[in-house]
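**Student:** Below are the structure tokens for one structure; questions will follow.
The values are calculated or read from the model by the stated rules, or taken from the named source; none is laboratory data. On a predicted model such as this, the values are computed, not experimentally measured, just so you know. Cβ atoms come from the backbone with ideal geometry, glycine included; neighbour counts cover every protein chain shown. These accessible areas exclude ligands, DNA and RNA; they are computed on the full protein's heavy atoms, side chains included. Shrake-Rupley method; radii C 1.70, N 1.55, O 1.52, S 1.80 Å.
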Amino acid sequence: MPAALPCPVAWPLIARAFRAAIDEAARFVGATAPNPPVGCAILDRHGDILTIAAHHRAGMPHAEALALRQCAEQGLMARAAIAVVTLEPCNHTGRTGPCSEAILASPIRTVWVGVADPNPRVAGGGIDRLRAGGCAVHVLDQGAEPAAACRALIAPFAHWSRTGRAWLTVKQAVDASGSMIPPAGQTTFTSDAALTLAHRLRRATDAIVTGSGTVLADRPGLDVRRVADHADRAPRLLAVCDRKGRVPADWRASAAARGFDVWICDDITRLPEMLGAAGVLWALVEAGPGLLAALRAAGLWDDWLTIGVGPDGTERLDVAVRMGTDTPLRLFPELAASLTAPEGEACFPAS
């Protein structure tokens, strides 16, 4: 097939395609580990979107391959001219073939990439192969808003690729006095919206971390309820931090029945590596003040969401990022505006 000339398309149309690809990929965050969530939009030479796809889970087609297949099935392949991808297309064969080769086998000769692959073993390979094959490849200016959202999609994967450690997000709710303890007769003091947010976070993460104190005091479910979970989800890891063997056998059995693979961690300093070795990219910590204080003191967190409830019941959402500004919490619209700089630890209420 002769190579077509690259297609210049106005930036607003490319930005719209990035937004569509990001939104589609975000639907599968929490289902793709150990692969990253990725979205792809295919456009015609005028910038009209032909199809949008995302990677659903490991072993299934990558976003680019699925988008190309959808184009073919809908009889649109002859119009395909531009691919907009949130992450650099792969150039290696794993469970699926290289996406770079799939793109080169199509009429597409212009590719927009949200962010380069952070995996040091393959970084740049897909971009180089596409350019060598005759594609004009554009990588987003990393100061652009779509690039920040693309980095948010893969922040846990990038961290895991570089360090082998899972990304730890701490969720903490505190009242006006800084206490995490609900009033007598109540199980929580946060709003209905905050409770739903917690379940959306559970759906988006690959593992839950809690402490044996929380298990003994509350016997929490920790499963996804207020929103629909990913269909046919594999058992999710539930790590209980416990140094004294205090996790009740009946609670462990109940957790297994709810779809958890329960692990015990007797040394929190090994927690991120333990999770990472199990293929967990992103873990959500839901625990009491003792474990949270220990994680904070040891620097074993990557971002921290504080839900602060004022005396009048109003809530404030604060997000602190331990290093840099990239965080998967940016994918949640109500949290994106709450991001603080690394020194944002100052926003934490006392606990």
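**Student:** So if we plug the beta-carbon distance of residue 256 and residue 72 into 1/(1 + (r/R0)^6) with R0 = 41 Å, what FRET efficiency do we get, rounded to 0.05?
**Tutor:** 0.45
**Student:** Let me ask something else. Roughly what percent of Cα-Cα pairs across the chain reach past 39 Å?
**Tutor:** Result for the distance tail: 20 percent.
**Student:** Measuring with a 1.4 Å probe in the full set of protein chains, what accessible area per residue, in whole Å², belongs to the chain?
**Tutor:** Heavy-atom SASA per residue in the chain reads 43 Å².
**Student:** What is the list of residues in the range 33-54 whose amide nitrogen lies under 20 Å from a point 7 angstrom out from the Cα of residue 144, following Cα to Cβ?
**Tutor:** 38-54
**Student:** Relative to the first principal axis of the alpha-carbon coordinates of the chain, what is the inclination of helix 63-73, with its axis defined by its Cα atoms, in degrees from 0 to 90 and to the nearest 10?
**Tutor:** Its long axis makes an angle of about 50 degrees.
**Student:** For residue 136 and residue 219 in the same chain, what is the full-extension length gain: residue separation times 0.36 nm, less their Cα-Cα distance, in nm?
**Tutor:** Extra length from residue 136 to residue 219 when fully extended: 24.3 nm.
**Student:** Using a simple spin-label model with points 7 Å from Cα along the Cα→Cβ vector, what separation in nm is obtained for residue 233 and residue 297?
**Tutor:** Simple spin-label model gives 3.2 nm for this pair.
**Student:** At what distance in nm do the modelled label points of residue 48 and residue 121 sit from each other, each positioned 7 Å from its Cα along Cα→Cβ?
**Tutor:** 4.3 nm
**Student:** Follow-up. Can you give me the Rg/Rh ratio for the range 104-159, using Cα atoms for both radii and the Kirkwood formula for Rh?
**Tutor:** 1.00
**Student:** Give me the percent of the accessible area of the chain that comes from carbon and sulfur atoms, probe 1.4 Å, all protein chains in place.
**Tutor:** 55 percent
**Student:** Can you compute the equivalent ellipsoid semi-axes for the range 1-117, i.e. the square root of 5 times each eigenvalue of the Cα gyration tensor, sorted largest first and rounded to whole Å?
**Tutor:** After scaling each eigenvalue by five and taking roots: 21, 16, 12 Å.
**Student:** Could you sort the peptides 245-255, 220-230 by per-residue average Cβ neighbour count (10 Å cutoff), highest mean leading?
**Tutor:** 220-230, 245-255
**Student:** Additional query: May I ask what percent, to the nearest 5, of DSSP beta bridges between residues of the chain are antiparallel?
**Tutor:** 35 percent
**Student:** Can you give the extra length, in nm with one decimal, that the chain gains between residue 334 and residue 192 once fully stretched, where that is 0.36 nm per residue apart less the Cα-Cα distance?
**Tutor:** The span from residue 334 to residue 192 would gain 49.7 nm if fully extended.
**Student:** Right, something else. Ordered by packing density, taken as the mean number of other Cβ atoms within 10 Å over each peptide's residues, highest first, how do 108-119, 313-324, 193-204 rank?
**Tutor:** Ranking, from highest mean packing down: 108-119, 193-204, 313-324.
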